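Data block below; observations after.
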Amino acid sequence: MNNELGSLPLDTKDILLDRALGELPGAAFKAYFYLIFEQWQGGPLPLSLPALAQLARCTPTIFKRKVWPEVQEYFEKTSINGEEKLIEPVSYARRIEAVKRLVKRQALAEKQRLAWAQKNSPGSERIESRGEGS
């Protein structure tokens, strides 16, 4: 699934060189990526373990007992608009940059659209009346 921000920029070298990430048990490794994918698509994550379990496609019990203890070091609590949320800082920073680029692209497109509309609107060109000879 692709959103307006485009694809999540993952640096495979960083993933392969992160020994701790590579040594995560399979369920935790999978959950980590599901969580950063969800963060990319929808922004900061909820603090609730059952909600995180659902996003990570795990049962709440497995998530709480086996997955969260393994992946929690990769996530930070933060306050966004006065609400406590959870983020994975590296991919969240990339998301912020992508949002800024998207906003700039949208502003430029709107500016270009307005300039085109102004240039091509019916009142913008000088209409010369032609006198018809009788």
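The values are calculated or read from the model by the stated rules, or taken from the named source; none is laboratory data. Computed from a prediction, not measured in an experiment: that's the story for all the values here. Ideal geometry is used to build each Cβ from the backbone, glycine not excepted, and the neighbour counts take in all protein chains shown.
Quick one: how many residues across region 60-81 are modelled with pLDDT of 90 or more and surrounded by fewer than 13 Cβ atoms within 10 Å (Cβ to Cβ)?
3
Among the listed residues Leu10, Leu47, identify the single one that is surrounded by fewer than 16 Cβ atoms within 10 Å (Cβ to Cβ) and closer than 30 Å to Arg105 by Cα.
Leu10
Would you please name the residue that is modelled with the lowest pLDDT, looking only at residues in region 82-126 that are closer than 21 Å to Ala56 by Cα and among the β-branched types (Val, Ile, Thr)?
Val90
Return the residue satisfying two criteria in turn: it lies in region 1-49 and is hydrophobic (A, V, I, L, M, F, W, C) and touching a Gly at 6+ places or on another chain (Cβ under 9 Å), and of such residues it is modelled with the highest pLDDT.
So the residue we want is Phe29.
Give the number of residues within region 17-45 that are more than 13 Å from Gln72 (Cα to Cα) and not charged (D, E, K, R).
Number of matching residues: 13.
Looking at Ala31 and the list (1) surrounded by 13 or more Cβ atoms within 10 Å (Cβ to Cβ); (2) of a type outside the set (S, T, N, Q); (3) more than 19 Å from the chain's Cα centre (by Cα), which single condition is not satisfied?
(3)
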